[in-house]
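K.L.:
A single structure is presented below for examination.
The values are calculated or read from the model by the stated rules, or taken from the named source; none is laboratory data. Predicted model, so just to flag it, every value in this text is computed and none were measured. Because the Cβ atoms are built from the backbone with ideal geometry, glycine has one as well, and the counts that use them run over all protein chains shown. We work out accessible area using only protein heavy atoms, side chains counted, and drop any ligands, DNA or RNA first. Shrake-Rupley method; radii C 1.70, N 1.55, O 1.52, S 1.80 Å.
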Amino acid sequence: MRKEGKALERGRKNRCFVLGLAVIAFGLLALPRAEAAPGIPQELKAVAARIEPHRAAYDLRLDRALSSPEIASAVGRLEFEWADVCSGWTVQQRSRVLLDRAEGPRIDFGWTLNSWEAKDGKRYRFIIRRFLAGRESAETRGEAELIGPAGAGTASFATPEPFTVTLPEGVVFPTMHSLEIIARAEAEELPFWRVVFDGSGEEGGLAGVSALPVRSFEAGEANEELPRKEEIQRMLAEQPAWRVQLAFFAPGEVDTLPLHEQTLTLYRNGVADDLVFDYGDFTLRAELVELESLAEPGC
């Protein structure tokens, strides 16, 4: 089993969890004008048209069956928003976790992520802030751009110190990756592998992500027996869904243990449910408790 200390460090400091969708407060970003934004790639237009911009909240708890006995308890909150702003997609995420070990002090950690991603998947801006005991401990801010048909490009980090990262051919940004997961799940073309840049982690913001199929659900099947609030029922009742496992690897290290794994139920409209975040020595489960549709942007 991986050492607890290393697992906790991955959970607190490194790649922030949630779906393939990452990231951050777009009010702080200089966004391009909507009329200048290229369109969604043709092969993903049908998938993007069915995405319902939304705001969701999840209660986090320790999955004892999948966690080390050295972890006594864990509770938390995850809030996630995926919005259409005409020129692109924005994602905002806020998370906080209180984790108790059998011995030692409580660990209180969290993060916020805010991002803007162009609808053609070529440009991306992000801000990630990490917190310990309710106080900001680090900030990562930057932007990235892909150039040419093969998707190679460059990411420029402004904080915590300026540096650049070369993005390899075939890399994608988080929202484009999420759309591709839905498209491939619907077409029964899982598993697949993709290198994703979201700006988090300690590998220059890059991770290799393996997406594996677990099972598929007919429209309404995944949600039909769960006690839900009316708005959740309304948004999920007619949606097919797929249970998918994502394994995240350091770039070029696919033959090693993953940095962490996620398993989630992903609905065709982009809503994620019943998320499981596996960090080796502890596993968190996220239950969808609030869901609301966002207003149309009026593009």
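K.L.:
From the list 184, 243, 234, pick out the single residue that is modelled with pLDDT of 95 or more and open to solvent by 50 Å² or more (accessible area, probe 1.4 Å). Outline the logic, then answer.
P.N.:
On the way: 243 fails: open to solvent by 50 Å² or more (accessible area, probe 1.4 Å); 234 fails: modelled with pLDDT of 95 or more.
Step by step, each of 184, 243, 234 is checked, and only 184 is modelled with pLDDT of 95 or more and open to solvent by 50 Å² or more (accessible area, probe 1.4 Å).
K.L.:
Out of the residues in region 275-287 meeting the condition of being over 15 Å from the mean Cα position of the chain (by Cα) and either of a type outside the set (Phe, Trp, Tyr) or in a strand (DSSP E or B) (or both), tell me which one is nearest to residue 243 (Cα to Cα).
P.N.:
By that ranking, first place goes to 287.
K.L.:
Would you confirm, using the coordinates I've provided, whether residue 32 is modelled with pLDDT under 85, closer than 29 Å to residue 184 by Cα and surrounded by fewer than 19 Cβ atoms within 10 Å (Cβ to Cβ)? Walk me through it before giving the result.
P.N.:
Values: modelled with pLDDT under 85: yes; closer than 29 Å to residue 184 by Cα: no; surrounded by fewer than 19 Cβ atoms within 10 Å (Cβ to Cβ): yes.
So residue 32 fails the test.
K.L.:
For region 123-135, does any single residue satisfy the condition of being open to solvent by 40 Å² or more (accessible area, probe 1.4 Å), on the phi > 0 side of the Ramachandran plot and in contact with a strand residue (DSSP E or B) (Cβ under 6 Å, 6 or more places away or on another chain)?
P.N.:
In the first step, residues of region 123-135 are kept if they are open to solvent by 40 Å² or more (accessible area, probe 1.4 Å); the result is 123, 125, 129, 131-135.
Now drop any that are not on the phi > 0 side of the Ramachandran plot, which leaves 133-134.
Still in the running and in contact with a strand residue (DSSP E or B) (Cβ under 6 Å, 6 or more places away or on another chain): 133.
Yes - at least one qualifying residue is present in region 123-135.
K.L.:
Which one of 203, 221, 253 is within 27 Å of residue 119 (Cβ to Cβ) and either open to solvent by 60 Å² or more (accessible area, probe 1.4 Å) or in contact (Cβ under 8 Å) with a residue 60 or more places away in the chain (or both)? Spell out how you get there, then give the answer.
P.N.:
On the way: 221 fails: within 27 Å of residue 119 (Cβ to Cβ); 253 fails: within 27 Å of residue 119 (Cβ to Cβ).
When all the criteria are applied, what remains is 203.
K.L.:
OK, next. Answer with yes or no whether residue 74 is closer than 20 Å to residue 272 by Cβ and among the aliphatic types (A, V, I, L, M).
P.N.:
Numbers: closer than 20 Å to residue 272 by Cβ: yes; among the aliphatic types (A, V, I, L, M): yes.
Judged against the criteria, residue 74 is a match.
K.L.:
For the structure I just gave you, tell me whether residue 73 is surrounded by fewer than 20 Cβ atoms within 10 Å (Cβ to Cβ) and either more than 19 Å from residue 133 (Cβ to Cβ) or modelled with pLDDT under 95 (or both). Give the derivation first.
P.N.:
On the way: surrounded by fewer than 20 Cβ atoms within 10 Å (Cβ to Cβ): yes; either more than 19 Å from residue 133 (Cβ to Cβ) or modelled with pLDDT under 95 (or both): yes.
Yes: the conditions hold for residue 73.
K.L.:
Consider region 236-266. How many of its residues are under 25 Å from residue 292 (Cβ atoms) and either of a type in the set (S, T, N, Q) or in contact with a Leu (Cβ under 6 Å, 6 or more places away or on another chain) (or both)?
P.N.:
Number satisfying all stated conditions: 7.
K.L.:
Something else: Being part of a strand (DSSP E or B), among the polar types (S, T, N, Q) and at negative phi narrows it down to one residue among 239, 262, 233; which is it?
P.N.:
Details: 239 fails: part of a strand (DSSP E or B); 233 fails: part of a strand (DSSP E or B).
None of the other options fit; the residue is 262.
K.L.:
Oh, and also: Does residue 95 meet the test of being in a loop (DSSP other than H, G, I, E, B), within 14 Å of residue 284 (Cα to Cα), of a type in the set (Ser, Thr, Tyr) and touching a Gly at 6+ places or on another chain (Cβ under 9 Å)?
P.N.:
no
K.L.:
Among the residues of region 154-175, write down those that are assigned to a strand (DSSP E or B) and open to solvent by less than 10 Å² (accessible area, probe 1.4 Å). Walk me through how you get there before you give the answer.
P.N.:
Of all residues in region 154-175, those assigned to a strand (DSSP E or B) come to 154-159, 163-167, 172.
Passing the criteria: 155, 167.
K.L.:
Within the set of pairs 6+ apart or on separate chains, which have a first residue in region 162-187 that is within 15 Å of residue 212 (Cα to Cα), a second that is of a type in the set (Phe, Trp, Tyr), and C-beta atoms under 6 Å apart?
P.N.:
That search, which allows pairs on different chains as well, returns 184/192; 185/242.
K.L.:
Would you please name the residue that is farthest from the chain's Cα centre (by Cα), looking only at residues in region 93-122 that are open to solvent by 40 Å² or more (accessible area, probe 1.4 Å) and touching a residue at least 40 places away in the same chain (Cβ under 8 Å)?
P.N.:
If we filter region 93-122 for residues that are open to solvent by 40 Å² or more (accessible area, probe 1.4 Å), which is where we start, we get 94, 96, 98, 101-106, 122.
Retained after the next criterion (residues that are touching a residue at least 40 places away in the same chain (Cβ under 8 Å)): 101, 122.
Numbers: 101: 26, 122: 18 Å.
The extreme case among them is 101.
K.L.:
When residue 161 is evaluated against the numbered criteria (1) among the acidic types (Asp, Glu); (2) within 21 Å of the chain's Cα centre (by Cα); (3) modelled with pLDDT under 95, which criterion, by number, is the only one it fails?
P.N.:
With (1) among the acidic types (Asp, Glu); (2) within 21 Å of the chain's Cα centre (by Cα); (3) modelled with pLDDT under 95 applied to residue 161, the lone miss is (2).
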